[in-house]
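Below you'll find the structure, written out as structure tokens, and then a few comments.
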Amino acid sequence: MPIEVDVAICGGGLAGLTLARQLKLQLPQVSVAVLDKLQRPLPQAAFKVGEAVTEAAAYYLAETLQLRDYLARAHCYKLGFRFFFGDAQGPFHERPEFGLSKFPAVSSYTLDRGILENDLRQFNEEAGVVMLEGCAVEGVELSKDGGRHQVHYRRGKVGEDESVQARWVVDATGRRRLLQGHLGMSRSPGKNCSAVWFRLKGRVDVCDLVPREMSRWHDRVADDNRYYSVNHLMGRGYWVWIIPLSSGHTSVGIVALEDIHPFAGFNTRQQSMRWLERHEPALSAYIAGREVLDFRCMRRYSRSSRKVFSADRWACVGDAAVFADPFYAPAADLIALGNLFTAEMIRLDLDGKLTEATVRHYDQSVLSLNDMLTRNIQVAYPLMGNAVVMASKVIWDTAAGWSLLSPQIFNSVLLDPENSKRVRRAKGSYFFLTLRMQELFTQWGARSLGRASFEFVDFLQIPLLLDLRKRNLRGGKTVEELVEDHRES
């Protein structure tokens with residue numbers, strides 16, 4: 001007999017597992033099943049990419065999902081983003097550095113996805129979620145008459161066909177994008193940017209790239225705490241990430257614009273090591289001989305859609321919905337936003353109050369944010385070797401994010417279309433201003449001779465950014481307060 005639930009979530013990755021937890025916390029009467037082809041235990045470290053989260057996503061995990069104590073215990077606090085620009089062929093300590101010297105008051109994290117998803121599966125099971133592990137989803141039949149949808153799956157490689165019947169179906173199948181493919185909704189925005197990544201055994205610390213006798217460099221960020229940043233090594237058309245994991249291992253990735261760095265030059269383990277030797281020789285020499293735990297690649301990764309939510313009781317979340325450029329680690333922000341909207345649609349539907357207008361508002365909120373993030377980030381790839389231009393752009397983008405997106409996630413204002421309109425009106429002409437600013441950075445980078453530089457920018461020592469962070473990264477505000485914050489920002 002088919003299993004019957006209120007919500008069937010296809011995919012047990014970060015998006016699906018966090019949505020299941022949110023539903024059981026906020027709507028405990030709702031029955032939820034999660035289907036995923038993988039079974040526990042999931043591997044630590046060498047599992048999934050997407051290990052860094054911003055303050056907004058951290059707030060969703062810590063407060064909405066009530067995981068603050070767990071995150072502090074099982075994962076790493078993040079010392080913000082850190083960027084090293086300049087001549088990668090010279091001494092590492094001479095590269096212009098943009099980052100933080102101290103941990104900020106509002107926390108963010110780096111996550112070991114294997115540990116997190118193992119634990120979320122256990123938490124969900126304890127909360128009453130039906131965890132169908134080792135079950136490969138083979139198809140979805142969407143009801144056309146208001147009845148229950150059907151999810152068809154196979155348990156194991158030779159198991160019989162089985163099914164789940166559900167009022168709501170949520171696609172969280174990642175880049176498989178089950179519903180997007182079935183309904184022909186998928187789009188591929190953005191430029192031809194591609195990525196490879198691998199996990200290395202043990203600690204990879206940028207502090208080790210600078211001799212200990214260079215005490216002035218080491219002392220400006222005490223206790224070797226640069227290790228806890230999401231470190232970016234920057235060059236024209238590329239960035240390399242170095243992310244610490246709580247399992248004690250390290251994630252390293254190469255992300256590049258193919259127009260400048262053809263994918264064939266770094267798309268295998270051997271080619272990626274040769275690429276690092278040419279473009280980031282200090283890191284290459286440092287990690288030579290380290291044990292590589294895995295190697296993955298993703299070509300032309302940006303994804304969007306024509307539609308991710310429907311009043312016909314289906315939704316797409318996480319990578320199954322959209323995937324923005326990862327430079328500022330927005331993936332978990334988009335997961336949080338998609339989950340908040342999906343949970344609210346389910347609540348409204350159960351109360352008989354879900355409208356097409358609300359669904360359309362949620363749909364456009366996710367799609368417009370994803371496409372704007374991808375567009376605004378990817379114009380920067382040719383500029384990434386220019387320290388002053390790129391640092392200026394990061395300051396602008398950070399100020400914009402803390403002023404506009406973060407307050408709305410911290411205060412869930414986007415859930416109410418009318419309140420969202422009030423806050424959006426307070427933004428005034430921001431959309432047109434940001435287009436002009438991105439054009440300014442592009443033109444500046446094209447004309448700059450690259451002679452100007454700096455030594456170290458501790459960006460929370462910039463009064464404007466410190467003020468924006470203190471004012472906007474807080475929950476519990478009224479709509480009137482948010483409107484005033486937008487005007488001030």
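A few comments on the model shown:
- For region 386-489, size of Cβ-based charge dipole, Lys and Arg +1, Asp and Glu -1, in debye: 240 debye
- The aspartates and glutamates whose alpha-carbon is closer than 14 Å to the alpha-carbon of Lys157, local same-chain residues fewer than 8 away aside, are Asp36, Glu133, Glu138.
- Fraction in percent of alpha-carbon pairs per bin - 5 Å, region 421-467: 5, 15, 11, 14, 25, 17, 8, 5, 2
- Diffusion of region 29-154 by Stokes-Einstein, at 20 °C in a medium of 1.002 mPa s and with Rh set to the Kirkwood radius over alpha-carbon pairs, works out to 119 µm²/s.
- Computed from the Kirkwood radius of its Cα pairs, the Stokes-Einstein diffusion coefficient for region 231-271 at 20 °C and 1.002 mPa s stands at 190 µm²/s.
- The angle separating the long axis of helix 331-350 from the principal Cα axis of greatest extent in the chain is about 20 degrees.
- Estimated [θ] at 222 nm from DSSP helical runs (n ≥ 4, -39500 (n - 2.57)) normalised by residues in the chain, nearest 500: -11000 deg cm²/dmol
- Considering only the Cα atoms of region 386-489, their convex hull presents on average a projected area of 7.1 nm².
- Cross-link pairs exceeding 31 Å between alpha carbons, from the set Lys37/Lys393; Lys144/Lys191; Lys24/Lys48; Lys353/Lys427; Lys37/Lys353: Lys37/Lys393; Lys144/Lys191; Lys37/Lys353.
- Within a straight-line Cα-Cα reach of under 19 Å, Lys421 can be paired with the following lysines, leaving aside sequence neighbours fewer than 8 residues apart in one chain: Lys477.
- Förster radius 22 Å - calculated FRET efficiency between Gln271 and Asp224, Cβ distance, rounded to 0.05: 0.10
- The length gained by stretching the chain between Arg212 and Leu25 to full extension, at 0.36 nm per residue less their Cα-Cα distance, is 62.4 nm.
- Length-normalised contact order of region 311-358 in % [C-alpha pairs under 8 Å, at least 6 apart]: 41 percent
- When the P(r) of the chain is calculated, the portion above 38 Å amounts to 24% of the C-alpha pairs.
- Taking the C-alpha atoms only, the angle from helix 430-447 to the longest principal axis of the chain is near 40 degrees.
- Look at where the Cα atoms of region 243-312 and of region 55-117 average out, and the two centres are 18 Å apart.
- On Cα atoms only, tilt of 356-378 relative to the major axis of the chain in degrees: 20 degrees
Where a number appears in this text, it was derived from the coordinates with a stated rule and is not lab data. If you're wondering where the values come from, they're calculated on a predicted model, not measured in any experiment. Virtual Cβ from ideal backbone geometry, glycine too; neighbours counted across all protein chains shown.
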